[in-house]
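Every number here is computed from the coordinates shown, using simple stated rules; none is lab data. Computed from a predicted structure; not experimentally measured. Counting neighbours? That spans all protein chains shown, and the Cβs are built from the backbone with ideal geometry, glycine included.
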Amino acid sequence: MPGPPLNEPGVFTVKEVHAEFEKLLRDRRHMGLRNLMGDTLLDPRNPFQKKRRKPKRWVVAVCGIALLGLLIFSYFHLR
């Protein structure tokens, strides 16, 4: 009876699979919820500069209007 094909890796332990999975996740730093939120709310990245990104204008406007509404609401109801 012939052995397993040469292109098949064989049997892995749980620790080896877990280590390989963690390596794959570390290699994909461009993906993830944090990067999705950052790309949605902040200005586009410049790969040639490492400075912090500023928020987009619509994010600042929505947060300002929400804060203003909260201040007006609290002023009239806590008076």
Worksheet item: Within a Cβ distance under 11 Å of D39, other residues only, what is the Lys/Arg minus Asp/Glu net charge?
Response: +3
Worksheet item: Once you have the alpha carbon radius of gyration of the range 14-77, what is it after dividing by 2.2 N^0.38 Å, with N set to its residue count?
Response: 1.83
Worksheet item: According to a simple spin-label model (label point 7 Å from Cα along Cα-to-Cβ), what is the distance in nm between R28 and E16?
Response: 2.2
Discussion item. Can you list residues from other chains, or at least 5 along the same chain, whose modelled amide H is less than 5 Å from the amide H of D43?
Written reply: K54, K56
Worksheet item: Going highest first, how would you order 13-21, 55-63 by mean Cβ packing within 10 Å?
Response: 55-63, 13-21
